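K.L.:
First the structure, which I've put down as structure tokens, then a few questions once you've had a look.
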Amino acid sequence: MRMYDLIYKKRQGEELTPDEISYIIQGYVRGDIPDYQIAAWAMAVYFQGMKAAETAHLTKEVAHSGDTVDLSAIPGIKVDKHSTGGVGDKTTLILAPLVAAAGVPVPKMSGRGLGHTGGTIDKLESIPGFQTELSRSQFLQQVKKIGAAIIGQSGNLTPADKKLYALRDVTATVDSIPLIASSIMGKKIAGGADAIVLDVKTGSGAFLPEIAEAKKLAQLMVDIGLELERKTIALLTDMSQPLGYNVGNALEMKEAIATLKNKGPQDLTKICLRLGAAMLTAADYSNNMAEAEEKLLTLLESGQALNKLQEIISAQKGNPEVIDKIELFPEAREIKEVTATKSGYISELDAKEIGLVAMLLGAGREKKGDNIDPAAGVELKAKRGDKVARGDVLAYLHTSSKFKERLPEAEKRIKKAIELSSEPVQPRDLIIEIID
Ligand code: URA
């Protein structure tokens, strides 16, 4: 086989065989096939697409390109959840204890934030003492004992995806639906999941802002799951405004705790109940989403889900007192209010721009390894559809003394990201569709 012929075949729109896909991915990971040939192939895939069977095979190759996690020591169906990324998306912090409280094991490996989207691991590390690095056996033991653990990715998982993603990032081939689908599903399968729940975002803050494109991605990932015998449910959800009110690590952790006390924002609570119900259904714990949602609501109301978070925090050496003493979280030195310059109804809250402002204030990193400020971020005081009067507070900007001089720019950008209309605004659906 020659890589040249396979690039040519894909460029002409033909379907690659499983052996040809294995040759490409294995050759790339070994270093036998150079970046420039893989870049040309990725561009051919971008324009010609891939058939479902080709994408499923590519997913398998990505999943098995390095170490895989064996979760068989944990009894029951292990269900993983993945979000395609958004601003203020703190659902994992709520879902892990909530679903574990329902009796479904949650061995969760999560990432750090990059660019305008945050990461679960950074959010958890805003809890004083919280350890996100556990050995594989500590991880499995904790899930067996208390039902959940959340750790950073470790080991040599999906090296094919690491190489391919970095190359796609610099060759304008990230937004190819089969390449995104195989990247996400490959990682979930390598992580040992038996069943997968996907939160596919659409809207301005999402990776694929167009609904039709996001839906294609969701459907393709569900089809891949079917092909690879992993029960997969996808929710297509709105990310045209941040989820909840808080964007930034400690701010999001505090909002997650409020939600587990059943005092959280309505949109965040709703999406968590729906995603949690999908997790319970995917794990065959319930065969009815409505019944599963009821059960989860009782766990929120009774405080059992909150107690589970406290157990997770204690098990991972964090200070469990943060649950009741929110002031134990790092607090920003500089807090600036942003007020409305006129009265009206909030018509847009540009999620991506708000994420970028939080990053400017120190909450995010531009490149891997950059330091972040756990206290920094944006605390919104109003959401789309709300009526505000001139002078009302729209948001608070939280930052450190180091970035104090960035506040005027941040204020200007937040004001621009929050649009006001003189007419009442029609609500948008938060959960657009469920695909299973
Ligand atoms: N997220 C991933 O994990 N992979 C992609 O290709 C895109 C988004």
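K.L.:
Compute the signed sum of charges (Lys and Arg +1, Asp and Glu -1) over the other residues within less than 15 Å, Cβ to Cβ, of Met43.
P.N.:
Charge balance in the 15 Å sphere: +1.
K.L.:
Something else about it: Short version: ³J(HN,Hα) in whole Hz for each residue of the range 198-213, in order, from phi by Karplus 6.51 cos²θ - 1.76 cosθ + 1.60 (θ = phi - 60°), x for Gly and Pro, what are they?
P.N.:
Using θ = phi - 60°, the values come out as 10, 9, 9, 8, 9, x, 4, x, 9, 4, 10, x, 7, 4, 4, 5 Hz.
K.L.:
Ok, one more. Calculate how steeply helix 304-315 sits against the longest principal axis of the alpha-carbon atoms of the chain, using the helix alpha-carbon long axis, and give the answer as 0 to 90 degrees to the nearest 10.
P.N.:
70 degrees
K.L.:
Given a 1.4 Å probe, how much area per residue of the range 288-434 is accessible, in Å²?
P.N.:
54 Å²
K.L.:
Then there's this: Just want to confirm a number: the relative contact order over the chain, from Cα pairs under 8 angstrom separated by 6+ residues, in percent.
P.N.:
Taking the mean separation of contacting Cα pairs over the length of the chain, I get 19 percent.
K.L.:
Given H placed 1.01 Å from N in the peptide plane, which residues other than close sequence neighbours of His82 have an amide H under 5 Å from its amide H?
P.N.:
Amide H neighbours of His82: Val197, Leu198, Asp199.
K.L.:
Can you send over the carbon and sulfur percentage of the accessible area for the range 250-304, probe radius 1.4 Å, protein chains only?
P.N.:
Summing carbon and sulfur atoms, their accessible area is 44 percent of the total for the range 250-304.
K.L.:
Follow-up question, since we're still on this one. With n ≥ 4 as the cut-off for DSSP H runs, can you work out [θ] at 222 nm for the chain, using -39500 (n - 2.57) per run divided by the number of residues, rounded to the nearest 500?
P.N.:
Value at 222 nm, helices only, nearest 500: -13500 deg cm²/dmol.
K.L.:
Using a 1.4 Å probe, how large is the accessible area of Asp35, given in Å² and rounded to the nearest 10?
P.N.:
Looks like 80 Å² after rounding.
The values are calculated or read from the model by the stated rules, or taken from the named source; none is laboratory data. These figures come from a predicted structure and were not determined experimentally. Ideal geometry is used to build each Cβ from the backbone, glycine not excepted, and the neighbour counts take in all protein chains shown. Note: areas computed on protein heavy atoms with side chains; ligands, DNA, RNA excluded. Shrake-Rupley method; radii C 1.70, N 1.55, O 1.52, S 1.80 Å.
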